[in-house]
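This report concerns only the one structure given below.
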Amino acid sequence: MSAMAPYHLTEGASPILISVPHCGTYIPDEVLEGMTDEAKALTDTDWHVDRLYSCLTDQDVTLLSAAHSRYVIDLNRPPDGQPLYPGQTETALCPVETFAGKALYCVDQEPGPDEIKRRLETYWQPYHAALEGQIARLKALHGQVLLWDAHSIANEVPRLFDGRLPDLNFGTNGGLACGETLLEAVMEVACAQDRYSYIANGRFKGGYITRHYGDPKKGTHAIQLELAQDTYMDQTPPFKYRDDKAPHFQVLLKQFIATLLQRFT
Ligand SMILES: [Zn+2]
């Protein structure tokens with residue numbers, strides 16, 4: 001049995017909280033033993049997103065990242081398992097297939113209700129308790145907080161969306177999760193560069209974390225960024241981090257964060 005902590009946390013003093021729920025690559029032995037080789041390849045991981053965002057510690061942000069794979073439990077899905085995008089293909093709270101539709105579990109090894117409940121209590125709830133705790137800490141310091149939920153995905157996933165994604169996919173639950181002027185400030189920064197294509201509230205509008213915590217009237221503003229993976233990594237195994245690409249994105253990321261910080265002071 002494993003006792004790895006369910007998340008990594010670096011606390012900062014600025015009003016920006018970065019959440020990285022899908023970068024984890026750890027699968028405990030008791031889960032791994034029922035899984036297929038497809039699962040063990042971890043293909044749908046938001047690879048290296050914690051590393052990519054670690055450059056923001058010099059802007060004094062708080063960084064919370066998951067240790068466990070999204071194949072164990074998806075921290076960006078509601079605990080009752082309701083769909084985020086009704087009518088569209090998506091993976092579940094405890095997914096049983098990859099984005100490409102390949103089985104994650106061997107025959108008769110899929111998690112049942114008791115195992116799903118155990119994973120909720122062991123992995124999902126601690127991450128969300130940490131998120132809630134950090135939101136409360138930063139609100140006490142600043143009166144408001146900007147929660148940036150950081151993701152990445154392959155540029156093309158035919159089962160999930162048509163064609164090729166823009167590089168930067170911002171989501172604020174159609175505007176409900178974040179003050180309008182904050183998203184506008186981010187879009188102005190995006191508009192002022194020509195390296196990356198971008199869209200707001202397109203295919204990805206923000207998952208459970210953005211929708212659940214984003215509540216501008218109560219001082220919590222949430223923005224999800226779904227980043228196309230060829231901006232910073234190889235999209236085939238071993239999913240290498242690209243030192244020739246990532247720094248360009250990090251320059252822009254720091255501009256986004258600096259712009260948001262200006263709005264909070
Ligand atoms: Zn993700």
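Here is how the numbers come out for the structure above:
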{"item": "Residue match in the range 132-144 (condition: closer than 23 Å to residue 50 by Cβ, modelled with pLDDT of 95 or more and touching a helix residue (DSSP H, G or I) at 6+ places or on another chain (Cβ under 7 Å))", "result": "yes"}
{"item": "Residue match in the range 117-124 (condition: assigned to a loop (DSSP other than H, G, I, E, B) and not small (Gly, Ala, Ser))", "result": "no"}
{"item": "Among (1) more than 16 Å from the ligand (Cβ to nearest atom); (2) modelled with pLDDT of 95 or more; (3) polar (S, T, N, Q), the one test that residue 76 misses", "result": "(1)"}
{"item": "Residue list for the range 19-38, restricted to those being more than 13 Å from the ligand (Cβ to nearest atom) and either surrounded by 24 or more Cβ atoms within 10 Å (Cβ to Cβ) or in a helix (DSSP H, G or I) (or both)", "result": "29, 30, 31, 32, 37, 38"}
{"item": "Looking only at the range 39-66, and only at residues there that are assigned to a loop (DSSP other than H, G, I, E, B) and not charged (D, E, K, R), the one that is nearest to the ligand (Cβ to nearest atom)", "result": "45"}
{"item": "Any chance residue 145 is touching a residue at least 12 places away in the same chain (Cβ under 8 Å), farther than 30 Å from residue 158 by Cβ and surrounded by 17 or more Cβ atoms within 10 Å (Cβ to Cβ)", "result": "yes"}
{"item": "Options 226, 180: the member that is more than 19 Å from the chain's Cα centre (by Cα) and not hydrophobic (A, V, I, L, M, F, W, C)", "result": "180"}
{"item": "Out of 59, 134, 82, sole residue that is more than 23 Å from residue 38 (Cβ to Cβ) and in contact with a strand residue (DSSP E or B) (Cβ under 6 Å, 6 or more places away or on another chain)", "result": "134"}
{"item": "Complete set of residues in the range 80-94 that are buried (at least 16 other Cβ atoms within 10 Å of the Cβ) and more than 12 Å from the ligand (Cβ to nearest atom)", "result": "93, 94"}
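The values are calculated or read from the model by the stated rules, or taken from the named source; none is laboratory data. Computed from a prediction, not measured in an experiment: that's the story for all the values here. For neighbour counting, all protein chains shown are included, and Cβ atoms are generated from backbone atoms with ideal geometry for every residue, glycine included.
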